[in-house]
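To start, the structure itself, in structure tokens.
The values are calculated or read from the model by the stated rules, or taken from the named source; none is laboratory data. From a predicted model like this one, the values you see are computed outputs, not experimental measurements. In this analysis, Cβ positions are derived from the backbone assuming ideal geometry, glycine residues included, and neighbour counts consider all displayed protein chains. The protein model used for the area step is the full one, side chains on, heavy atoms only, and it has no ligands, DNA or RNA in it. Shrake-Rupley method; radii C 1.70, N 1.55, O 1.52, S 1.80 Å.
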Amino acid sequence: MASMWYPVGFTGYANPSGAVVKINEDGTAVVLTGTVETGQGSLGVMAQIAAEALGIAPNDIHVVSGDTDTCPMDTGAIASRTTYITGNAVRLAAERAREMLFDVAAGMLRVKPDMLEAKDHKIQVKSFPSRNAAIGDVAYKAYNDVGTPPIGSAMWNPPMIPMDPETGQGKPFGTYVYATQIAEVDVDDETGEVEVLRVTASHDCGVAINPMLVEGQIDGGVHMGLGFGLYEEILFDKTGKQINSNLTNYIIPTTLDMPDVDEDIVENYDETGPFGAKAVGEPSLVPTAVAITNAIYDAVGVRITALPATSERVLAAIKAKRAAEQKQIPA
């Protein structure tokens with residue numbers, strides 16, 4: 001077993017994200033964001049956040065991203081910050097665009113704007129949902145009759161709390177995530193070979209905006225942690241030149257090496273995150289290698305203190321343990 005905590009959204013210096021949300025005349029919307037998709041599913045999450053704020057479906061959201069000529073500034077897809085920080089910017093921008101719709105819908109429904117909510121592609125009176133107007137109709141009126149196109153822009157930067165230069169104390173990050181992973185391994189004590197059979201991964205990521213993506217990130221993190229723990233090692237010759245500089249001799253795990261993974265999402269609402277969300281990206285790989293080496297110790301009683309835990313290292317540790325035990329036998 002291994003547990004960890006991981007920081008999200010550094011606050012020691014500026015860490016902003018911006019977003020623009022435009023609601024179209026047909027009730028769909030466009031989100032402009034400077035963040036980028038690197039396979040983690042962040043753009044889908046941005047669409048879900050905007051859709052939740054606007055009361056429409058994620059499929060109604062078109063996300064434009066990563067174009068520094070047209071999209072607002074984003075610090076980057078680093079430090080597991082995208083959902084937490086960029087998501088907050090998208091939420092705020094969508095809410096501002098929605099407020100413009102509420103101003104128009106208030107006149108159509110003859111109520112005050114603060115009596116309205118957006119839900120199921122409609123703007124409706126909170127206490128009287130049957131009194132409503134389609135978002136597309138309200139947007140059309142905003143464009144063509146009122147002259148206030150519903151466009152919202154926002155930025156979000158976690159509260160900056162500089163570290164004390166003398167004591168080094170402070171709050172360096174906006175929030176934290178937590179996880180525990182348990183590895184089950186089979187160790188051949190004659191060869192040192194280690195097979196990881198199962199990993200149970202329990203992760204607190206705040207509220208999971210997209211549970212399937214969270215599970216995928218956990219699986220990916222376990223895969224990378226498996227490589228870190230058992231396979232991946234940069235080797236050099238005596239002159240300092242790397243001798244395994246390509247994937248023919250730098251060993252990484254394949255899908256055939258993957259253990260069964262039981263993903264457990266622990267939802268823990270964070271009031272500073274968009275709809276309670278925090279992060280899951282990098283943290284998902286942090287405990288894996290340690291859980292594996294702890295399982296090796298549980299199986300054969302040896303501590304592996306240098307990674308990766310190759311068969312050679314494990315077998316050498318087993319032999320050293322046996323030799324030490326033999327020396328302790330009285331003559």
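Here is the figure for region 37-56: residues that are open to solvent by less than 30 Å² (accessible area, probe 1.4 Å) and not hydroxyl-bearing (Ser, Thr, Tyr) total 11. In the set (1) closer than 26 Å to PHE10 by Cβ; (2) outside any strand (DSSP E or B); (3) within 20 Å of the chain's Cα centre (by Cα), GLY168 fails one condition alone, (3).
Restricting region 165-201 to residues that are among the polar types (S, T, N, Q) and farther than 28 Å from MET258 by Cβ leaves a set whose member that is least open to solvent (accessible area, probe 1.4 Å) is THR175.
The set of residues from region 301-316 being in contact with a helix residue (DSSP H, G or I) (Cβ under 8 Å, 6 or more places away or on another chain) and crowded, with 19+ Cβ neighbours inside 10 Å comprises VAL302, ILE304, PRO308, ALA309, VAL314.
On inspection, GLU312 fails the criterion of being of a type in the set (D, E, K, R) and not in a helix (DSSP H, G or I). Does ALA324 satisfy the condition of being surrounded by 20 or more Cβ atoms within 10 Å (Cβ to Cβ) and in a helix (DSSP H, G or I)? When the stated conditions are applied, ALA324 does not pass them.
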